[in-house]
Amino acid sequence: MKHFLSLKDFSKNEILEIITLAQQIKKDFKNNIPTPLMPQKILAMIFEKNSTRTRVSFESGIYQLGGVGLFLSSNDIQLSRGEPIKDTARVISSMVDMIMIRTFEHSRLEEFASYSSVPVINGLSDSYHPVQLLADYLTMLECGISLEGEKPIATYIGDGNNMAHSWLMLASKLGFDLRIATPKGYEVDSEILSLALSFAKESGASILTTHNPKEAIEGCNVVTTDTWISMGQESEKEKKIKAFEGFEVNEELMSLAQSNAIFLHCLPAYRGYEVSEGVLEGAQSRVFLEAENRLHAQKGIMVYLHQQKERKC
């Protein structure tokens, strides 16, 4: 059974196949051509973490593919009352065609997938946010930043969190260069970094980790960041604001990137913290195209998983 839990589980060709599907689906969408590629299929959407973009994009996406989405908050199902994950997985997967989960520990997602009889998609975990990265790469392509010609350079500035880990997986699988700048004490997970470096040896990617944002951003094509205070970390807000001083992506920092570099942010964005108002709303920002592309990238993921399942049947 093929699941979509992390990009580490996919080859370069598989990732590009999903992106190609997403591009065609988006093209048809923009031309008002229906894409009923998953007729009468049911997507269960389990939310243990709240979301705006994830819910709207998955629910809209499965509907546009001809199916239906079931929204299940943690309060709606027995997981919140202590039912074992393996029991919930076996029951829900016997009634639907695909499951998306947005949760906390990545191990919960892995356990759920191991007992599911249908494909499981990671809508976000504490370790990875792979659906976002496919939307980000789709946005890069639409902005003329591709693997063709000169190798792209992407820079991530901020917390070494699930977004940083996902950028590590995308860059190391596809073979473009990545620089990550984090404050001391907020580095990326060492095991995930080691895994990315092993993938990079095969793909030709270059990965740099540093504590200096200016070193990381110099001459890059893509600049990205994420909130410093993720869900469940609100008590660390004041401590993090002090630790992250100098890591705001503002106009001064952005000026060190290439003049045609784009700025990405998975949203929600907190202006004045990880990004300035001027950069977020500026000419180089592509954050709202990026947000829209969640819809199309995720349709590509769902169709790909559905096709893989159908082939095996």
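The values are calculated or read from the model by the stated rules, or taken from the named source; none is laboratory data. All of these numbers come straight from a predicted model, not from anything done at the bench. When we count neighbours, we look across all protein chains shown, and the Cβ atoms used for this are built from the backbone with ideal geometry, even at glycine.
Being part of a loop (DSSP other than H, G, I, E, B), over 30 Å from residue 172 (Cβ atoms), among the charged types (D, E, K, R) and not assigned by TED's automatic domain parsing to the domain that holds residue 234 narrows it down to one residue among 59, 83; which is it?
Values: 59 fails: part of a loop (DSSP other than H, G, I, E, B).
Of the residues listed, the single one that is part of a loop (DSSP other than H, G, I, E, B), over 30 Å from residue 172 (Cβ atoms), among the charged types (D, E, K, R) and not assigned by TED's automatic domain parsing to the domain that holds residue 234 is 83.
Condition check ((1) assigned by TED's automatic domain parsing to the domain that holds residue 166; (2) farther than 20 Å from residue 159 by Cα; (3) among the small types (Gly, Ala, Ser)) across all residues:
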residue	(1), (2), (3)
242	yes, no, no
250	yes, no, no
253	yes, no, no
258	yes, yes, no
267	yes, no, no
270	yes, no, no
279	yes, no, no
298	no, yes, no
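Across the stretch 211-242, the number of residues qualifying as surrounded by 17 or more Cβ atoms within 10 Å (Cβ to Cβ) and part of a helix (DSSP H, G or I) comes to 4. Check off (1) in contact with a strand residue (DSSP E or B) (Cβ under 6 Å, 6 or more places away or on another chain); (2) touching a residue at least 60 places away in the same chain (Cβ under 8 Å); (3) of a type outside the set (A, V, I, L, M, F, W, C) for residue 69 and give me the number that stays unchecked. So the condition that residue 69 fails would be (2).
Is it the case that the stretch 212-231 has a residue that's under 30 Å from residue 2 (Cα atoms) and modelled with pLDDT under 95? Looking through the stretch 212-231, at least one residue is under 30 Å from residue 2 (Cα atoms) and modelled with pLDDT under 95. Among the conditions (1) more than 21 Å from the chain's Cα centre (by Cα); (2) surrounded by fewer than 21 Cβ atoms within 10 Å (Cβ to Cβ), the only one that residue 208 does not satisfy is (1). Among the listed residues 252, 292, which satisfies the condition of being charged (D, E, K, R), free of Cβ contacts under 8 Å to residues at least 40 places away in the same chain, within 27 Å of residue 19 (Cα to Cα) and surrounded by fewer than 19 Cβ atoms within 10 Å (Cβ to Cβ)? Residue meeting the stated conditions: 292. So in the stretch 183-199, with the set limited to residues that are surrounded by 19 or more Cβ atoms within 10 Å (Cβ to Cβ) and assigned to a loop (DSSP other than H, G, I, E, B), which one is farthest from the chain's Cα centre (by Cα)? Among those that are surrounded by 19 or more Cβ atoms within 10 Å (Cβ to Cβ) and assigned to a loop (DSSP other than H, G, I, E, B), it is 183.
Give the residue, chosen from 189, 226, that is assigned by TED's automatic domain parsing to the domain that holds residue 156, farther than 18 Å from residue 154 by Cα and of a type in the set (D, E, K, R).
Numbers: 226 fails: farther than 18 Å from residue 154 by Cα.
Every option except 189 fails the conditions.
Out of all the residues in the stretch 153-167, is one or more over 26 Å from residue 53 (Cα atoms), of a type in the set (A, V, I, L, M) and modelled with pLDDT under 95?
The first filter runs over the stretch 153-167 and keeps only residues over 26 Å from residue 53 (Cα atoms), leaving 153.
This time we only want the ones that are of a type in the set (A, V, I, L, M), so: 153.
In the following step, the residues that additionally are modelled with pLDDT under 95 were identified as none.
Checking the stretch 153-167: not a single residue is over 26 Å from residue 53 (Cα atoms), of a type in the set (A, V, I, L, M) and modelled with pLDDT under 95.
Consider the stretch 73-98 and keep the residues that are under 24 Å from the mean Cα position of the chain (by Cα) and over 10 Å from residue 117 (Cα atoms). The one that is surrounded by the most Cβ atoms within 10 Å (Cβ to Cβ) is 85. In the stretch 184-205, the condition of being at pLDDT 95 or above, polar (S, T, N, Q) and touching an Asp or Glu at 6+ places or on another chain (Cβ under 7 Å) is met by no residue.
Only one of the numbered conditions (1) out of contact with any Gly (no Cβ under 8 Å at 6 or more places or on another chain); (2) more than 24 Å from residue 286 (Cα to Cα); (3) touching a residue at least 40 places away in the same chain (Cβ under 8 Å) is not met by residue 202, and that is (3).
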